[in-house]
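Enquirer: After the structure tokens below, expect a handful of questions from me.
The values are calculated or read from the model by the stated rules, or taken from the named source; none is laboratory data. Please read all numbers here as calculations on a predicted model, not as lab measurements. Note: ideal-geometry Cβ built from the backbone for every residue, glycine included; neighbour counts use all protein chains shown. What goes into the accessible areas is simple: the full protein's heavy atoms, side chains included, and nothing from ligands, DNA or RNA. Shrake-Rupley method; radii C 1.70, N 1.55, O 1.52, S 1.80 Å.
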Amino acid sequence: MPEGPEIRIAADKIEKAICPYPTTEIFFAFEHLKPFEADLTGCRVTQVETRGKAMLTHFDNGLSVYSHNQLYGKWMVRKAHDLPETNRQLRFAIHNAKKSALLYSASDIQILSEPEIEAHPFLSKLGLDVLSSNLEPKQLQASLKSKKHCRRRLATLYLDQHFLAGIGNYLRSEILFVARLNPQRRPADCTDDQLLTLAEASISVADQSYRHRGITNDLALASRLKAGGDRYRDYRYWVFGRDQKPCYVCSTPIVKEMVSNRRIYYCPYCQPCL
Ligand SMILES: [Zn+2]
């Protein structure tokens with residue numbers, strides 16, 4: 001599933017292609033959304049907002065399209081009406097004179113007014129947004145220390161969108177490695193300094209992934225590995241997907257475990273149990 005950084009990168013591409021010109025055609029695959037095609041045609045898209053892994057495409061007539069890619073959804077930006085050959089099903093399309101933004105395979109698409117956004121059952125329960133430019137480490141540290149979160153294992157807390165929106169499987173492993181915390185620990189087992197380091201790592205790792213096309217590894221190290229012939233998937237991460245390979249810091253083999261049915265990776269030396 002794409003995580004917060006990938007969704008934000010998709011939103012940036014859509015904004016760049018779609019915001020400059022009024023829409024010339026809107027397409028919805030779902031029958032109950034068809035009546036809105038005419039309402040949104042001739043409008044401008046003012047902003048493509050992301051909240052965690054959800055996207056809100058805001059139109060200047062006050063309506064917004066909520067979409068969540070879940071596992072299979074995929075956005076593509078193309079020249080206007082230049083649809084790719086694909087077996088995927090087109091579910092939502094925004095066309096203007098120059099470009100088309102196409103959402104394939106997603107099933108969770110809704111039209112919302114402003115009050116409906118505020119009352120939305122998924123959006124209203126989201127936690128702090130890991131990619132929000134307003135998010136301060138102290139705020140996240142306080143959330144980690146809160147009664148609601150402090151006794152949960154970091155491995156489960158760091159997949160919970162109600163705790164931190166936009167977080168997902170690779171970010172979970174990478175953030176806990178950068179903070180040098182074992183996935184089995186709970187915030188209650190950590191010192192204030194460790195929790196502040198974790199909060200800072202959460203924000204910086206997600207932000208770096210967004211700005212550097214998904215690379216969460218040290219950027220200088222990633223460059224060296226790339227120059228040495230490593231493939232993107234091999235130099236991209238500190239630990240994620242690196243089962244049994246040597247840790248880049250201490251050379252201990254990286255361990256893979258399953259937590260909540262999702263794979264997690266960590267270094268047993270850099271991230272000791274206690
Ligand atoms: Zn290590």
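Enquirer: Along the charge dipole of the range 1-75, which of ALA17, PHE27, LEU63 sits closest to the positive end, that is, farthest toward it, with unit charges on the beta carbon of Lys, Arg, Asp and Glu (+1, +1, -1, -1)?
Expert: Of the listed residues, the answer is ALA17.
Enquirer: Just how large is the dipole of the chain about the Cα centre, in debye to the nearest 20, putting +1 at every Lys and Arg Cβ and -1 at every Asp and Glu Cβ?
Expert: Working: 38 positive and 30 negative charges, 197 e Å.
Its charge dipole is roughly 940 debye.
Enquirer: In deg cm²/dmol, rounded to 500, what helix-only [θ] at 222 nm does the chain give when every DSSP H run of at least 4 residues adds -39500 (n - 2.57) and the total is split over its residues?
Expert: On the way: 9 runs with 81 residues, N = 274.
So the calculated ellipticity at 222 nm is -8500 deg cm²/dmol.
Enquirer: Please work out how much length the chain gains when fully extended from TYR269 to GLN110, using 0.36 nm per residue of separation minus the C-alpha to C-alpha distance, in nm with one decimal. Spell out each step's value before the answer.
Expert: Numbers: separation 159, 0.36 × 159 = 57.24 nm, distance 4.65 nm.
Using 0.36 nm per residue and subtracting the Cα-Cα distance, I get 52.6 nm.
Enquirer: In straight Cα distance, which aspartates and glutamates are under 17 Å from LYS245, not counting same-chain residues fewer than 8 positions off?
Expert: GLU174, ASP218, ASP230, ASP234, GLU257
Enquirer: While we're on this one: Which of TYR210, CYS267, GLN194 sits farthest toward the positive end of the charge dipole of the range 118-274, with +1 on the Cβ of Lys and Arg and -1 on the Cβ of Asp and Glu?
Expert: With unit charges placed on the Cβ atoms, the residue in question is CYS267.
Enquirer: Another question, then. Relative to the present Cα-Cα distance, how much length would full extension add between HIS162 and LEU90 at 0.36 nm per residue of separation?
Expert: Working: separation 72, 0.36 × 72 = 25.92 nm, distance 2.97 nm.
The span from HIS162 to LEU90 would gain 22.9 nm if fully extended.
Enquirer: Accessible area per residue for the range 196-274 in Å², computed with a 1.4 Å probe and the full protein assembly in place, what is it?
Expert: Details: 4340 Å² over 79 residues.
Computed with neighbouring chains in place, this is 55 Å² per residue.
Enquirer: Further question on the same structure: Write down the radius of gyration of the range 1-115 and its Dmax, each obtained from C-alpha positions, in Å.
Expert: In order Rg, Dmax, the Cα atoms of the range 1-115 give 12.7, 38 Å.
Enquirer: If the limit is 23 Å between Cα atoms, which of LYS34/LYS99; LYS16/LYS138; LYS79/LYS226; LYS53/LYS79; LYS53/LYS98 go over it? Before the final figure, lay out the partial values.
Expert: On the way: LYS34/LYS99 21 Å; LYS16/LYS138 33 Å; LYS79/LYS226 32 Å; LYS53/LYS79 25 Å; LYS53/LYS98 27 Å.
From LYS34/LYS99; LYS16/LYS138; LYS79/LYS226; LYS53/LYS79; LYS53/LYS98, over 23 Å: LYS16/LYS138; LYS79/LYS226; LYS53/LYS79; LYS53/LYS98.
Enquirer: Can you compute the charge dipole magnitude of the range 176-217 about its Cα centre, using +1 on each Lys and Arg Cβ and -1 on each Asp and Glu Cβ, nothing else charged? Give it in debye, rounded to the nearest 20. Please report the intermediate quantities before stating the final value.
Expert: On the way: 5 positive and 5 negative charges, 50 e Å.
In total the dipole reaches around 240 debye.
Enquirer: Could you work out what % of the accessible surface of the chain is carbon and sulfur, using a 1.4 angstrom probe and leaving DNA, RNA and ligands out of the count?
Expert: Numbers: 6640 of 13270 Å².
Carbon plus sulfur share of accessible area: 50 percent.
Enquirer: Continuing with the same structure: Could you please state, rounded to a whole Å, how far the C-alpha centre of the range 139-188 is from the C-alpha centre of the range 200-233?
Expert: 21 Å
Enquirer: Continuing with the same structure: Treat the range 166-268 as a sphere of radius equal to its Kirkwood radius over Cα pairs and apply Stokes-Einstein at 10 °C in a medium of 1.306 mPa s; give the translational diffusion coefficient in µm²/s, rounded to a whole number.
Expert: Numbers: Rh = 14.0 Å.
It comes out at roughly 113 µm²/s.
Enquirer: Sticking with the crude label model, points 7 Å out along Cα→Cβ, report the distance from ALA97 to GLN47 in nm, one decimal please.
Expert: Each label point is offset 7 Å from its Cα along the Cβ direction, giving 2.6 nm.
Enquirer: Additional query: Using DSSP to call loops (not H, G, I, E or B), can you name the trypsin sites (Lys or Arg not before Pro) in the range 123-208 whose Cβ has at most 13 other Cβ atoms within 10 angstrom? Display every interim value, and only then the final one.
Expert: On the way: sites: LYS125, LYS138, LYS145, LYS147, LYS148, ARG151, ARG152, ARG153, ARG172, ARG180, ARG185; in loops: LYS147, LYS148, ARG151, ARG152, ARG153, ARG180, ARG185.
Hits after loop and neighbour filter: LYS147, LYS148, ARG151.
Enquirer: Accessible area per residue of the range 121-193 at 1.4 Å probe, in Å²? Walk me through the intermediate numbers first.
Expert: Numbers: 3140 Å² over 73 residues.
In whole numbers, the range 121-193 has 43 Å² accessible per residue.
Enquirer: Just in the range 79-134: which GluC sites (Glu not before Pro) are loop by DSSP and have at most 15 other Cβ atoms within 10 Å? Numbers along the way, then the final one.
Expert: Working: sites: GLU85, GLU116, GLU118; in loops: GLU85.
Here the GluC sites (Glu not before Pro) that fit, given the DSSP loop and packing criteria, are GLU85.
Enquirer: Nearest 10 degrees is fine. How inclined is helix 169-178 to the longest principal axis of the chain, computing both from alpha carbons?
Expert: Between helix and principal axis, roughly 40 degrees.
Enquirer: Sticking with this structure for a sec: Over all distinct Cα pairs, what is the inverse of the mean 1/r for the range 20-85, reported as the Kirkwood hydrodynamic radius in Å?
Expert: Values: mean 1/r = 0.0758 Å⁻¹.
With all distinct Cα pairs of the range 20-85 included, I get 13.2 Å.
Enquirer: Per residue, how many Å² of accessible area does the range 1-83 show with a 1.4 Å probe?
Expert: Values: 3910 Å² over 83 residues.
Per residue, the range 1-83 has 47 Å² of solvent-accessible surface.
Enquirer: Still on this structure, I have one more. Taking H placed 1.01 Å from N in the peptide plane, check which residues at least 5 places from ARG51 or on another chain put their amide H under 5 Å from its amide H.
Expert: LEU56
Enquirer: Give the ranking of PHE27, PHE59 by solvent-accessible surface, highest area first, calculated with a 1.4 Å probe.
Expert: On the way: PHE27 60, PHE59 10 Å².
Highest to lowest solvent-accessible surface, that is PHE27, PHE59.
Enquirer: At each listed q (0.10, 0.15 Å⁻¹), what is the log10 of I(q)/I(0) that the Debye formula gives for the chain modelled as equal alpha-carbon point scatterers?
Expert: For the chain at q = 0.10, 0.15 Å⁻¹, log10 I(q)/I(0) is -0.58, -1.10.
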